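The next block holds one structure in the form of structure tokens; read it before the comments.
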């Protein structure tokens with residue numbers, strides 16, 4: 001059988017050379033013509049040994065693979081071996097598996113190399129944010145505003161108000177099946193709370209919510225109160241976890 005010409009290219013190892021021969025001969029990696037590939041592999045190994053500058057440790061790896069190819073070639077000439085299930089064992093299967101794994105890692109290395117090259121083209125600039133903006137602090141100190149009041153405590157009171165509203169539901173009328181959409185005007189609720197605060201100056205969070213007559217109104221009242229706390233119009237104090245939350249108008253005399 002006439003062998004093809006093999007140039008003394010630099011291959012990373014015997015598997016790299018085998019992949020090159022398979023691609024060059026345009027053969028199926030799952031059905032390697034072992035005689036042809038072995039002959040071409042041995043031709044390359046012979047030429048490599050003639051190179052005076054060749055690395056002997058590198059040659060040893062190629063020689064080991066050569067012995068593997070010869071062993072596979074001999075097994076291909078013998079009667080087919082079968083496994084416990086009666087299926088024929090292909091002597092090339094282990095080599096094919098190694099070639100496929102090597103091919104995956106090889107192309108993964110190409111992807112990583114391209115990513116490294118692309119990363120080298122990325123440029124970064126230092127921040128040009130004005131110092132005035134970097135030094136700007138929030139206008140409201142929420143920790144100071146809320147004091148000892150926790151969101152958990154606010155949620156407990158809110159849930160308690162929700163439960164009270166559920167208890168007010170008429171057990172008979174609630175079964176009529178008629179649903180009406182209740183419109184709650186947030187701006188009117190703002191004005192109502194401000195007017196209530198102006199007349200009371202200091203009041204409990206619970207008493208304010210008790211003025212609500214529906215679930216939707218309780219929710220809107222709760223949100224409006226949080227917004228007024230955020231803007232700093234109201235201050236909130238709670239002496240202990242069990243005590244009620246007291247709200248005071250900040251500009252009160």
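Where a number appears in this text, it was derived from the coordinates with a stated rule and is not lab data. Note that this is a predicted model, so its numbers are computed, not measured. Reconstructed Cβ throughout: ideal geometry from the backbone, glycine too, with neighbour counts over all protein chains shown.
The order of 132, 81, going from fewest to most other C-beta atoms within 10 Å of their C-beta, is 132, 81. Ranking of 11, 205, 124 by neighbouring Cβ atoms within 10 Å, starting from the fewest: 124, 11, 205. Legend: calculated FRET efficiency, residue 87 to residue 112, from the Cβ-Cβ distance at R0 = 35 Å, rounded to 0.05, equals 0.35.
Fewest-first ordering of 68, 128, 221, 231 by other beta carbons within 10 Å of each residue's beta carbon gives 128, 231, 68, 221.
For segment 15-91 versus segment 218-242, the inter-centroid distance based on Cα atoms is 80 Å.
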